[in-house]
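Q: Structure in structure tokens, see below.
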Amino acid sequence: MATVELIDVRKSFSGTEVIHGIDAQIEDGEFIVIVGPSGCGKSTLLRLVAGLETISQGEVHINGSRVNDLEPMDRDIAMVFQNYALYPHMSVRQNMAYSLKIAGVSRPEINKKVEEAAELLELQDYLNRKPKQLSGGQRQRVAMGRAIVREPSVFLFDEPLSNLDAKLRVQMRLEIKELQTRLGITSLYVTHDQVEAMTMADRMIVMNEGVAEQIGTPLEVYQKPHTLFAAQFIGSPSMNAFDATVKGGEAVLESGVRIRCNCSFEGEAVIGLRPEHLIADENGPLRVNIHLAEPLGANTLLHGRLSQSRDPVIVSMAGVHSALGTEQNMRVSISPDNVHVFDKATSQRVASLKA
Amino acid sequence: MATADKSGMVESSGRKLWLTHLLMIIGVFFVFFPIWLAFVASTVTQADIVSPPMPVWPGGQMLENYKRALFAGVNVPVTTMLLNSLIMAIGIAAGKIIISLLSAFAIVYFRFPGRNVFFWMIFITLMLPVEVRIVPTYEVVAGFGMLNSYSGLIFPLIASATATFLFRQFYLTIPDELAEAARVDGARPMQFFFDIVLPMSRTNIAALFVILFIYGWNQYLWPLLITTDPEMNTIVMGIKQMFPSGDDTADWPVIMATSILAMIPPVIVVVSMQKLFIRGLMDSEK
């Protein structure tokens with residue numbers, strides 16, 4: 001049970017700054033997902049909180065006290081690693097008990113806690129096995145169990161599901177989220193998978209190149225992305241973006257196409273149109289030349305280019321559209337409320353009129 | 001194609017099978033024959049040996065010769081030499097393993113100034129065999145008054161660049177996350193060493209123990225230099241000491257019995273630890 005506070009946290013590796021000052025306030029019991037492409041510094045940020053890397057500048061507070069100079073073990077955290085990092089020569093029971101053994105907890109107490117955790121994770125039958133004899137999902141559970149028995153203030157997850165197959169990943173995702181809700185332990189969860197981020201997070205931190213682009217609930221990030229990066233990273237397929245000049249509530253693309261938007265901003269901009277917001281409309285302003293249709297069952301992804309400017313564009317339409325094939329033209333329109341406008345110079349979202 | 005499969009390297013049959021076995025038997029015969037002769041010589045009388053032709057079948061003197069070797073010997077009973085050799089070989093093997101485990105642990109897991117310098121210093125000593133540094137080492141050991149003692153036999157030989165290097169390579173294959181998990185679990189560095197690293201290296205330790213035991217057992221020059229007291233003779237050098245100087249005749253049955261006895265402990269070590277030994281060399285058991 002704890003709050004975590006990051007105050008202008010920076011990290012340099014031999015002179016090169018990789019985390020450029022991150023501020024975040026994490027409430028007690030919150031599930032925070034740190035999401036970003038590989039190399040954006042999300043794992044480094046987690047390791048700074050864990051104490052596995054030293055903080056170059058700034059402060060990390062756990063439960064109100066500064067932990068910069070504390071060893072990981074003294075920060076009251078538990079971590080689940082990507083490759084599980086189970087001790088190969090120890091049984092499941094020993095793996096889970098190891099931290100308690102070091103902490104000098106009495107043997108009956110250890111057994112009690114390990115058995116409780118095993119029951120929670122349905123690992124009772126595997127307590128005497130070695131990690132080698134377990135499947136990926138079971139190893140993942142043991143790694144969770146090792147974190148749970150310590151009853152830490154904060155859980156840290158470093159891409160814990162990336163070694164699992166797709167089906168198991170969905171299942172473990174639910175299990176982790178359920179477990180976290182039940183235990184109410186503040187959690188930081190690193191992933192590059194935006195679906196994990198959207199489904200699990202209470203709030204997410206979208207990171208790019210060592211900077212937190214946006215911190216907010218999944219829907220906030222989806223509906224009101226603060227930056228062009230956040231807009232394009234969250235949402236699948238990713239948002240279409242076109243250069244435009246915005247003036248008087250209207251965006252004019254380079255090809256002269258005019259799209260209405262709810263925005264008082266004037267000047268050079270990038271407009272973002274989510275594929276699922278584009279509607280087939282015979283009088284729509286955008287003409288799309290379709291190259292390829294990907295039927296996904298529930299919806300169909302149409303890949304094409306704008307006829308006017310050859311910019312690539314993706315349209316997502318509900319239902320099956322087997323009639324739409326290659327080299328066909330269609331016209332689409334979009335509601336002005338769904339047009340995201342970003343200042344071209346800063347890539348920051350420009351407040352819309354309605355907001 | 002089925003016939004071609006059958007006559008492959010692995011599943012030979014008929015003439016080929018006999019041929020391969022014949023070759024193997026010849027090979028074994030070549031290797032084994034000198035040992036057989038030594039064994040035969042240890043079971044006959046001195047007179048049988050010196051009168052040609054030399055016997056090739058065991059005689060009836062076995063018990064007597066071995067008893068004489070073990071409890072009387074030439075200069076000193078073989079039991080004493082066996083014990084000395086055993087203490088030296090185990091001391092060297094254990095010492096080398098302990099020192100290498102710790103120094104490799106320091107080199108791999110701690111960042112300290114001069115870490116690489118120390119590693120390369122250790123590594124460079126690989127190029128200096130015992131013989132090259134034997135005179136200065138002798139000076140030092142003599143200065144400490146360790147001549148004719150077990151510590152003199154053991155300590156100068158327990159620094160091992162090879163073992164340090166092997167353990168370093170093994171530690172590098174242990175995923176970093178394991179060390180980090182242990183840190184998060186609250187293990188201090190030495191707890192991490194004893195609880196995680198040491199148990200994970202046990203097959204490597206076993207393999208090295210076999211190699212180093214034999215290395216220690218076969219030491220010849222160093223014991224020859226620093227032990228003048230027959231009571232401290234080790235068996236490998238002791239055999240040579242049994243040869244008489246001048247015109248005396250060598251007591252061949254006893255010398256041969258001693259040779260056979262000298263072979264037994266290394267054979268026991270290799271055979272009993274064979275499984276661990278091979279596993280340690282083959283996989284790192286991550």
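Q: If the label point is 7 Å along Cα→Cβ of A:Glu122, which residues in the stretch A:148-189 have backbone nitrogen under 19 Å from it?
A: A:148, A:161, A:164-183
Q: Which value results for Rg/Rh of the stretch A:137-270 when Rg is the Cα radius of gyration and Rh the Kirkwood radius based on the inverse mean 1/r? Intermediate results must be reported in sequence, preceding the final value.
A: Working: Rg = 19.6 Å, Rh = 17.4 Å.
My calculation of the ratio gives 1.13.
Q: Within the P(r) computed for the protein assembly as shown, what percentage of the Cα pairs occupies the region above 34 Å? Could the numbers behind the result be given before it?
A: Working: 131938 of 205120 pairs.
Pairs farther apart than 34 Å: 64 percent.
Q: So who's got an amide H within less than 5 Å of the one on A:Met79, skipping anything under 5 residues away but keeping other chains? H placed 1.01 Å off N, in plane.
A: Distant-sequence amide H within range of A:Met79: A:Leu156.
Q: Specify which residue in the list B:Phe193, B:Ile174, B:Ala257 is farthest towards the positive end of the charge dipole of the stretch B:171-286, using unit charges on the beta carbon of Lys, Arg (+1) and Asp, Glu (-1), about the Cα centre.
A: The Cα lying farthest towards the positive end belongs to B:Ile174.
Q: For chain A, taking Cα atoms only, what is the radius of gyration to one decimal and the Dmax to the nearest whole Å?
A: Taking only Cα atoms of chain A, I get Rg and Dmax of 24.0, 76 Å.
Q: Ignoring everything except DSSP H segments at least 4 long, calculate the 222 nm mean residue ellipticity for the protein assembly as shown; use -39,500 (n - 2.57) per segment, divide by total residues, nearest 500. Each step should come with its number before you reach the end.
A: Details: 24 runs with 275 residues, N = 641.
Value at 222 nm, helices only, nearest 500: -13000 deg cm²/dmol.
Q: Taking the highest mean first, how do the peptides A:205-214, B:128-137, B:260-269 order by number of other beta carbon atoms within 10 angstrom per residue? Could the numbers behind the result be given before it?
A: Details: A:205-214: 22.0, B:128-137: 11.7, B:260-269: 15.4.
For the peptides A:205-214, B:128-137, B:260-269, the packing ranking is A:205-214, B:260-269, B:128-137.
Q: Using the Cα centre of the stretch B:69-285 as the reference point, and only Cβ charges (+1 on K/R, -1 on D/E), how large is the resulting charge dipole? Debye, rounded to the nearest 20. Each step should come with its number before you reach the end.
A: Details: 11 positive and 14 negative charges, 108 e Å.
Computed charge dipole of the stretch B:69-285: roughly 520 debye.
Q: Hey, another quick one. Across the residues of B:188-200, average count of Cβ atoms on other protein chains within 10 Å?
A: Details: counts 3, 0, 0, 3, 1, 0, 0, 7, 5, 0, 1, 4, 4.
For this peptide, the per-residue mean of nearby foreign Cβ atoms is 2.
Q: Related question: First measure r as the distance between the Cβ atoms of A:Glu220 and A:Lys112, then evaluate 1/(1 + (r/R0)^6) with R0 = 41 Å and state the FRET efficiency to the nearest 0.05. List each step's numbers first, then the result.
A: Working: r = 42 Å, r/R0 = 1.03.
Between A:Glu220 and A:Lys112 the formula returns 0.45.
Q: Then there is this: Contour minus end-to-end for B:Met263 and B:Leu221, with contour as 0.36 nm per residue of separation and end-to-end as the Cα-Cα distance?
A: On the way: separation 42, 0.36 × 42 = 15.12 nm, distance 1.81 nm.
Net length gain for the segment: 13.3 nm.
Q: Compute the acute angle (0 to 90°) between the alpha-carbon long axis of helix A:166-183 and the principal axis of greatest extent of the alpha-carbon atoms of chain A; round to the nearest 10°.
A: Here the helix axis deviates by roughly 60 degrees.
Q: Something else now. Work out the mean other chain Cβ neighbour count within 10 Å for the residues of A:85-94 and drop it here as an integer.
A: Numbers: counts 10, 3, 8, 8, 9, 4, 0, 0, 0, 1.
Partner Cβ neighbours, averaged per residue: 4.
Q: Determine ³J(HN,Hα), in whole Hz, for all residues of the stretch B:56-67 in sequence, where each value follows from phi through the Karplus function 6.51 cos²θ - 1.76 cosθ + 1.60 and θ = phi - 60°; x replaces Gly and Pro.
A: These are the phi-based 3J(HN,Hα) values: 10, 10, x, x, x, 9, 3, 4, 4, 4, 5, 4 Hz.
Q: Next up: Name the residues whose placed amide hydrogens come within less than 5 Å of the amide hydrogen of A:Val313, ignoring near sequence neighbours (fewer than 5 apart) on the same chain.
A: Hits under the 5 Å cutoff: A:Gly304, A:Arg305, A:Leu306.
Q: What are the chymotrypsin sites (Phe, Trp or Tyr not before Pro) within the stretch B:89-163 that DSSP puts in a loop, where the Cβ has at most 10 other Cβ atoms within 10 Å?
A: Passing sites in the stretch B:89-163 are B:Phe110.
Q: Name the residue, out of B:Thr173, B:Thr164, B:Thr80, whose mean-square fluctuation peaks in a Gaussian network model built on chain B with Cα pairs under 10 Å.
A: B:Thr173
Q: Springs between alpha-carbon pairs under 10 angstrom, Gaussian network model over chain A: which of A:Ser322, A:Ser309, A:Ser153 fluctuates most?
A: Judging by the Gaussian network model, the answer is A:Ser322.
Q: Enter the angle in degrees (range 0 to 90, nearest 10) between the Cα long axis of helix B:78-109 and the first principal axis of the Cα atoms of chain B, meaning the one along which they spread out most.
A: With both axes taken from Cα atoms, the answer is about 20 degrees.
Q: Take peptides A:281-288, A:260-267 and line them up by average Cβ neighbours within 10 Å, highest first, as a rough protection proxy.
A: Top of the packing list down: A:260-267, A:281-288.
Q: So what's the net charge close to A:Gln308: Lys and Arg +1, Asp and Glu -1, counting the other residues with Cβ under 15 Å from its Cβ? Spell out each step's value before the answer.
A: Values: positive: A:Arg258, A:Arg287, A:Arg305, A:Arg310, A:Arg331; negative: A:Asp243, A:Glu254, A:Asp311.
Neighbourhood net charge equals +2.
Q: Here is a follow-up. Under 10 Å, Cα contacts only: if you run a Gaussian network model on chain B, which one of B:Ala142, B:Ala69, B:Ala93 comes out with the highest mean-square fluctuation?
A: Greatest mean-square fluctuation among the candidates belongs to B:Ala142.
Q: Estimate the FRET efficiency between A:Val195 and B:Met190 by the formula 1/(1 + (r/R0)^6), using the beta-carbon distance for r and 41 Å for R0, to the nearest 0.05.
A: The formula returns an efficiency of 0.40 here.
Q: Cα convex hull of the stretch A:307-351: mean projected area in nm², to one decimal?
A: Numbers: hull surface 19.7 nm².
Convex hull of Cα atoms, orientation-averaged projection: 4.9 nm².
Q: Between rounded, prolate and oblate, where does the stretch B:40-178 land on the alpha carbon gyration tensor, with a ≥ b ≥ c its root eigenvalues, rounded for a/c under 1.5, else prolate if a/b exceeds b/c? It would help to have the intermediate numbers written out before the result.
A: Working: a/c = 3.19, a/b = 2.32, b/c = 1.38.
Judged from the Cα gyration tensor, the stretch B:40-178 comes out prolate (a/c at least 1.5, a/b above b/c).
Q: Which angle between 0 and 90 degrees, to the nearest 10, do you get for helix A:92-102 versus the longest principal axis of chain A when only C-alpha atoms count?
A: 70 degrees
Q: Under the rule of at least 5 residues apart or a separate chain, name every residue whose amide H is placed under 5 Å from the amide H of A:Leu286.
A: The answer is A:Val332.
Q: Determine how many Å³ per residue the convex hull of the Cα atoms of chain B encloses. Please report the intermediate quantities before stating the final value.
A: Numbers: hull volume 59.4 nm³, N = 286.
In chain B, the Cα convex hull volume per residue is 208 Å³.
Q: A further question on this structure: Other chains' Cβ within 10 Å of B:167-176 residues: what's the mean?
A: Values: counts 0, 0, 0, 0, 0, 0, 0, 1, 5, 4.
Per residue, the number of nearby Cβ atoms from other chains is 1 on average.
Q: How do the peptides A:237-248, A:291-302 rank, highest first, by the average count of neighbouring beta carbon atoms within 10 Å per residue?
A: Details: A:237-248: 17.7, A:291-302: 14.7.
Listed from highest to lowest mean packing, they are A:237-248, A:291-302.
Q: Any chance you could run the full-extension gain for B:Glu131 through B:Met273? It's 0.36 nm times the residue separation minus the Cα-Cα distance, nm to one decimal.
A: So the extension gain works out to 48.2 nm.
Q: Please work out the FRET efficiency for the pair A:Thr54 and B:Val31, using the Cβ-Cβ distance as r and a Förster radius of 51 Å; give the result to the nearest 0.05. Display every interim value, and only then the final one.
A: Numbers: r = 60 Å, r/R0 = 1.17.
The formula returns an efficiency of 0.30 here.
Q: Using alpha-carbon positions, what is the distance between the centroids of the stretch A:191-214 and the stretch A:6-63, in Å?
A: Result: 13 Å between the Cα centres.
Read the figures in this text as sums done on the coordinates, not as results from a lab. Values in this document were obtained by computation on a predicted structure and should not be read as measured data. Glycine gets a Cβ as well: all are built from the backbone with ideal geometry, and neighbour counts include every protein chain shown.
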